[in-house]
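**Student:** I have a structure here, written as structure tokens, and I will follow up with some questions on it.
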Amino acid sequence: MIDFHTPDIADRCWAEERLAGNSSRACEYNFTTLLVWAAGYQITIADVEGFLTVRLRGEGGFGYLWPAGNGDLSRVLTLLEADAAERGEPFRLLCLLEHEMARLNELRPGQFAFTPHRNSFDYLYEVDKLADLGGRKLHAKRNHCKHFEEENPSWSYSPMTAADLTECMELNDRWDAAGRVREGEEEAEDIFNEKKGILLAFRHFDELGLEGGVLRVDGKVVAFTMANRLTADTFDVHFEKAFGEMQGDYAVINREFARQIRRQHPEVKYLNREDDMGLEGLRRAKESYYPDLMAEKHSAEAVKP
């Protein structure tokens with residue numbers, strides 16, 4: 001059985017070395033994602049013959065991400081299959097993109113059944129589109145930003161620094177408390193896991209290479225966001241929080257962070273704003289920005305002979 005363990009900040013260097021050769025724009029192929037969501041998805045990792053291998057809980061049960069690294073991929077898949085058998089579980093691969101499914105079919109032709117998981121599809125947007133909000137389709141977003149600016153003439157935006165983290169966590173605490181009232185106690189575990197992830201991101205902000213933005217009104221934090229690099233041309237937005245009491249606060253933090261990335265990283269073309277978890281309101285919000293790409297994820301389960 002493979003000796004998987006919960007990811008820790010000490011794993012960052014070797015894990016990112018394996019991930020460096022990966023071109024997948026799916027958010028799961030980012031070490032920060034694995035670290036901050038380990039509790040929520042029971043994520044564990046292992047270094048298997050030069051590959052980063054990840055075991056996690058998906059919609060249909062436990063499975064493995066596509067291995068990241070260089071070497072004998074077929075052998076690593078065989079080792080993962082044996083690990084699943086020792087655990088008494090079917091062999092599943094999770095969050096596969098189209099090119100990974102094609103590669104799996106090359107290595108194991110006809111041996112897997114594939115299932116799309118729409119709730120896990122990531123939304124990707126061109127940085128310029130989010131920064132400029134041009135065109136008829138995004139007219140409403142421009143109006144939300146204009147309303148916020150007119151109603152809050154003291155607003156300011158700045159890149160996140162360590163000095164902002166305490167105030168951002170205070171905002172997140174208020175957001176969490178309001179969320180428990182809105183959603184009910186059955187959502188408490190999800191809220192707790194997200195808060196744990198945000199705390200980890202704040203604690204290791206510099207080590208993880210995180211970048212963020214802070215929106216203030218009258219000097220007080222009303223929204224924040226955090227992200228870091230996923231691929232050469234894509235940043236992954238891990239968290240974005242606003243209280244939502246001020247019309248346009250989400251639209252403005254989104255726009256201003258896109259402008260920040262464009263200034264500081266002109267080579268970055270896309271922002272991955274991750275999935276909608278199947279939540280109707282969140283899906284409408286993400287679709288309202290008209291994504292330029294979707295990272296369409298599938299599971300693969302071994303077919304019994």
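**Student:** May I ask you to list the residues in segment 122-177 that are closer than 21 Å to Ala201 by Cβ, acidic (Asp, Glu) and not in a helix (DSSP H, G or I)?
**Tutor:** Within segment 122-177, Asp122 is the sole residue that qualifies.
**Student:** Looking at segment 228-259, which of its residues are among the aliphatic types (A, V, I, L, M) and either crowded, with 24+ Cβ neighbours inside 10 Å or out of contact with any Asp or Glu (no Cβ under 6 Å at 6 or more places or on another chain) (or both)?
**Tutor:** Leu230, Ala232, Val237, Met246, Ala251, Val252, Ile253, Ala258
**Student:** Something else now. Name the single residue, out of those in segment 67-79 being in contact (Cβ under 8 Å) with a residue 40 or more places away in the chain and touching a helix residue (DSSP H, G or I) at 6+ places or on another chain (Cβ under 9 Å), that is least open to solvent (accessible area, probe 1.4 Å).
**Tutor:** My answer is Ala68.
Results for (1) surrounded by fewer than 20 Cβ atoms within 10 Å (Cβ to Cβ); (2) among the aliphatic types (A, V, I, L, M); (3) without any contact (Cβ under 8 Å) to a residue 40 or more places away in the chain, shown as yes or no for each residue.
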residue: Glu81; (1), (2), (3): yes, no, no
residue: Cys95; (1), (2), (3): no, no, no
residue: Gly134; (1), (2), (3): yes, no, yes
residue: Lys137; (1), (2), (3): yes, no, no
residue: Arg142; (1), (2), (3): yes, no, yes
residue: His147; (1), (2), (3): yes, no, no
residue: Glu170; (1), (2), (3): yes, no, no
residue: Arg174; (1), (2), (3): yes, no, no
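**Student:** Mind checking which residues of segment 1-30 are within 21 Å of Ile191 (Cα to Cα) and open to solvent by less than 20 Å² (accessible area, probe 1.4 Å)?
**Tutor:** Pro7, Cys27 - these are the residues of segment 1-30 that are within 21 Å of Ile191 (Cα to Cα) and open to solvent by less than 20 Å² (accessible area, probe 1.4 Å).
**Student:** Now, a different point. Looking only at segment 13-34, decide whether some residue is among the aliphatic types (A, V, I, L, M), assigned to a strand (DSSP E or B) and modelled with pLDDT of 95 or more.
**Tutor:** Checking segment 13-34: not a single residue is among the aliphatic types (A, V, I, L, M), assigned to a strand (DSSP E or B) and modelled with pLDDT of 95 or more.
**Student:** Still on this structure, please answer the following. In contact with a Gly (Cβ under 8 Å, 6 or more places away or on another chain) and open to solvent by 70 Å² or more (accessible area, probe 1.4 Å): does that describe Arg118?
**Tutor:** In short, yes.
**Student:** Can Tyr64 be described as open to solvent by less than 40 Å² (accessible area, probe 1.4 Å) and not β-branched (Val, Ile, Thr)?
**Tutor:** Criteria met by Tyr64.
**Student:** Look at segment 261-273 and say how many of its residues are in contact (Cβ under 8 Å) with a residue 24 or more places away in the chain, closer than 28 Å to Glu151 by Cα and over 19 Å from the mean Cα position of the chain (by Cα).
**Tutor:** 1
The values are calculated or read from the model by the stated rules, or taken from the named source; none is laboratory data. Being a predicted model, the structure only gives us computed values, none of them experimental. Methodologically, a virtual Cβ is constructed for each residue, glycine included, from the backbone with ideal geometry; neighbour enumeration extends over all protein chains shown. With ligands, DNA and RNA removed, areas are computed over all heavy atoms of the protein, side chains included. Shrake-Rupley method; radii C 1.70, N 1.55, O 1.52, S 1.80 Å.
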